[in-house]
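Remarks on the structure that follows.
Quick note: the coordinates plus some simple rules give every number you see, no bench work behind them. Since the model is a prediction, treat every value here as computed from it, not as a measurement. As a convention, Cβ positions derive from the backbone with ideal geometry for all residues, glycine included, and neighbour counts pool all protein chains shown.
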2 protein chains.
Amino acid sequence: MPRVLILVRRLGQDERRLVEEYIGGLAEPLYIDDGIGDEAEEAVAALVATARNPLVREILRRARNLRFIQTLAAGVDNIPFQDLPEKAVVASNSGANAEEVAEYAVALLLAAAKRIVLLDREMRQGIWRVEYPRLIRDSTVVIWGYGSIGREIARRLKPFKPRIYGVRRSGGSDEYVDAILKPDEALEILHETDFLVIALPLTRETRGAIDREVLRRLRHGAVVVNVGRGPVIEEEALFDELSRGRLWAALDVWWVYPQRRGEETFQDLPFHLLENMVMTPHVAGTWPGYREKLLRHALENLRRFLMGEQPRNIVRREEYI
Amino acid sequence: MPRVLILVRRLGQDERRLVEEYIGGLAEPLYIDDGIGDEAEEAVAALVATARNPLVREILRRARNLRFIQTLAAGVDNIPFQDLPEKAVVASNSGANAEEVAEYAVALLLAAAKRIVLLDREMRQGIWRVEYPRLIRDSTVVIWGYGSIGREIARRLKPFKPRIYGVRRSGGSDEYVDAILKPDEALEILHETDFLVIALPLTRETRGAIDREVLRRLRHGAVVVNVGRGPVIEEEALFDELSRGRLWAALDVWWVYPQRRGEETFQDLPFHLLENMVMTPHVAGTWPGYREKLLRHALENLRRFLMGEQPRNIVRREEYI
């Protein structure tokens, strides 16, 4: 029976039962928590939570016969593509938490638009100062990265009655937006954009795509929301625009992450001193019970591979190397 | 020509032109900023921003021939009904800012559900602690007070896919909710309610309506959002439930308000020390340019009265005395 590396740490009994439910009879799962030795070499597939972990990286390096890697995250940017066997394909878990991340993105957008964090901070100091909330109605929202998450964001914003534009390379159209633009076309409407919501994966092409030029074109007072990946935005350019008070931002994804649990974590630039921003620690894709949903979605795709069917969400390797 | 008291302070030239646009030729406006003397007695109608102001109260007391009072606010709870001539009717500005208040209510609900204020506070201290956002999808939302604001709230929450119940005395049904319940019926679903959104006016009947009993019945972890009026909730009961960590709250309306601009303001109980709440200073009905919209909506109704038509939004006096 083919072997599959389950590189997700601290899987509970219920979660191991889920693995059995989806791939039992098709493959023998090898769990990272049980220790994985030379058997790694024979494995044909792997399920990966995060390849930032050094042990996971080391096992992946030894697994020279991998043909399929399934991630638990929607993004595959932490996968060490350069170390993988050439024939291995990588599938993201795109769509597994699209609705949940979209809820969170809308929450961040509204928190910034309505100045809620700032007003709360003042109220707690006894300061009763009215700062006018900004309206979504009749505003212009640009959703940069119009995949499964972007679409769920648009769907939720629609009853607030803004103009909504999605941005993606392939263009097209969709019922929830006024239009879908290609990135070049999107540049032309930034001057009338009130909310720029970023839901891009991190690839060679998107790294730094939201650069000084894009940010400068945004309307004064515009809010930048990021639930994609931090490095999609040029950190210094955003910090500059925020420092001079020209923009607002609400970020859930960052450039600097803690190396160890509980470690004090700040960015390279002091975003935490700015009043015109909302900061949260990469929680958009989590909720009570989120791991079960991600696991099921990922295992379903792994099962497709093991059954000889075409897996979904295969990423283009050349975009990540 | 009949005289109308314009009891809104600091009206700009543009705003006076609006008054002319709506009631010019029908009545002579007397502006509080110009000083109002004995002419008050002859006035047949008044436009009131807030009757909390002592000068406004005094003018209203002298205006013994008033037959129509139009407020700028959606709520009429600050009107001194006991001092008004018996034949005077009072019209609220209900609906003037329903969409805007609804935007804000959804923003508060999401800010609390997603723990955004708490997470932002920790991030600014270098603390990277994941607290799981709560989902709206598949949750139960009860909108207590299902008028024009409540309905706009439901419309905006619908694509998040919760169950939504509206609560109003008259019952009925509506496309945006699963059902509309009468207050007695609503008590029976509180134990499965995740979000209680209060959009009630403050009347004799609603004062303290959200009492210890209602709050106790709510599911553990439920979020109470209030964009109606503070005293609709029993302050001590809410504080108790919050202190013991059983509920969350997101409040824009309060029991204690500043008496003067810039005055340090705290509630009677130390809500500002609680982590499980979001506090903002009664801004839901404001936005850049909000006064023009409120003025137009109110003046339109005043015009109806002056034209001899039936004004809208007449409140039932007996509910306020």
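Distances from A:Glu300 to itself in the other copies, using label points 7 Å out along the Cα-Cβ axis, amount to 4.7 nm in increasing order. Using Cβ point charges alone (K and R +1, D and E -1), the dipole size of chain B about the Cα centre works out to roughly 440 debye. For A:Arg52, A:Arg151, the sequence from fewest to most other C-beta atoms within 10 Å is A:Arg52, A:Arg151.
Here the protein assembly as shown is assigned +1 on the Cβ of each Lys and Arg and -1 on the Cβ of each Asp and Glu. Its dipole about the Cα centre then comes out at about 400 debye. With contacts taken as Cα pairs under 8 Å at a separation of at least 6 residues, chain A carries a relative contact order of 18 percent. Here A:Phe266 and B:Met1 are evaluated by their C-beta separation; at R0 = 51 Å the FRET efficiency comes out at 0.15.
Using a Gaussian network model of chain A in which every pair of alpha carbons under 10 angstrom is joined by a spring, one finds that among A:Asp34, A:Asp194, A:Asp211 the greatest mean-square fluctuation is at A:Asp34. Of the residues A:Gly147, A:Val167, A:His191, the one whose Cα sits farthest toward the positive end of the charge dipole of the range A:119-192, with +1 on the Cβ of Lys and Arg and -1 on the Cβ of Asp and Glu, is A:Gly147. Of the GluC sites (Glu not before Pro) found in the range B:1-109, those in coil by DSSP whose Cβ has at most 13 other Cβ atoms within 10 Å are B:Glu86. In the Gaussian network model of chain B, springs joining C-alpha atoms below 10 Å, which of B:Arg124, B:Arg134, B:Arg57 carries the largest mean-square fluctuation? Largest GNM mean-square fluctuation: B:Arg124.
Counting Cβ atoms of other protein chains within 10 Å of each residue's Cβ and taking the mean over peptide A:285-292 gives 3. Once the Cβ-Cβ distance of A:Glu185 and A:Glu275 is raised to the sixth power relative to R0 = 41 Å, the FRET efficiency obtained is 0.75. Calculated translational diffusion coefficient of chain A (20 °C, 1.002 mPa s; Stokes-Einstein with Kirkwood radius over alpha-carbon pairs) equals 102 µm²/s. Here the 3J(HN,Hα) profile of the range A:192-202, calculated from phi with Karplus coefficients 6.51, -1.76 and 1.60 at θ = phi - 60°, is 10, 8, 9, 9, 10, 9, 9, 10, 8, x, 8 Hz, Gly and Pro shown as x. Inter-part distance, the range B:262-321 to the range A:249-321, computed on C-alpha centroids, equals 42 Å. Take each residue of peptide A:246-255, count the partner chain Cβ atoms within 10 Å of its Cβ, and average: the result is 1. When the square roots of the Cα gyration tensor eigenvalues are ordered a ≥ b ≥ c, the ratio a/c for the range A:174-311 is 1.5 or more and a/b does not exceed b/c, which makes its shape oblate. Comparing B:Leu215, B:Leu11, B:Leu110 in a Gaussian network model of chain B where C-alpha atoms under 10 Å apart are linked, the largest mean-square fluctuation is found at B:Leu11. Using a cutoff of 8 angstrom between alpha carbon atoms and counting only pairs six or more residues apart, the relative contact order for the range A:98-279 works out to 19 percent.
Name the shape class, rounded, prolate or oblate, that the alpha-carbon gyration tensor gives for the range B:1-119, where a ≥ b ≥ c are the square roots of its eigenvalues, rounded holds for a/c under 1.5, and otherwise prolate holds if a/b is larger than b/c and oblate otherwise. Verdict is prolate for the range B:1-119.
For a label point 7 angstrom out from the Cα of A:Gln82 toward its Cβ, which stretches of the range A:297-321 have the backbone nitrogen within less than 17 Å? Residues A:317-321 fall inside that zone. For A:Lys87, a cut-off of 29 angstrom between C-alpha atoms picks up these lysines, skipping any fewer than 8 places away in its own chain: A:Lys293.
When the Cα gyration tensor is reduced to axis lengths a ≥ b ≥ c, the ratio a/c is 1.5 or higher for the protein assembly as shown, and with a/b above b/c it is classed as prolate. By other beta-carbon atoms within 10 Å, ranking B:Ile153, B:Ile189 with the fewest at the front produces B:Ile189, B:Ile153. Toward the positive end of the charge dipole of the protein assembly as shown, about the Cα centre and with charges on Cβ (Lys, Arg +1; Asp, Glu -1), which of A:Leu269, B:Leu181, A:Val89 goes farthest? Checked the options; the winner is B:Leu181. So which trypsin sites (Lys or Arg not before Pro) in the range A:234-321 are both in a DSSP loop and have at most 11 other Cβ atoms within 10 Å of their Cβ? Those that pass, being in a loop and sparsely packed, are A:Arg244, A:Arg260, A:Arg261, A:Arg316.
Averaged over the residues of A:157-170, the number of partner chain Cβ atoms lying within 10 Å of the residue Cβ comes to 2.
Calculated on the Cα set of the range A:98-279, radius of gyration then Dmax: 15.9, 51 Å. Across the range B:129-234, the relative contact order, built from alpha-carbon pairs under 8 Å that are at least six residues apart, equals 26 percent. Taking the label point 7 Å along Cα→Cβ, A:Asp174 and its counterparts in the other copies are spaced 2.9 nm apart, in ascending order. Of the cross-linked pairs A:Lys114/A:Lys182; A:Lys182/B:Lys161; A:Lys158/B:Lys161; A:Lys161/B:Lys114, those separated by over 20 Å at the C-alpha level are A:Lys114/A:Lys182; A:Lys182/B:Lys161; A:Lys161/B:Lys114. As a size descriptor, the averaged projected area of the C-alpha convex hull of the range A:81-189 was calculated at 10.7 nm². In the assembly of identical copies, A:Asp33 has its label point, taken 7 Å from Cα in the direction of the beta carbon, separated from the corresponding points by 6.9 nm (ascending, one decimal).
Over chain A, dividing the summed -39,500 (n - 2.57) contributions of all DSSP H runs of at least 4 residues by the number of residues returns a 222 nm mean residue ellipticity of -8500 deg cm²/dmol.
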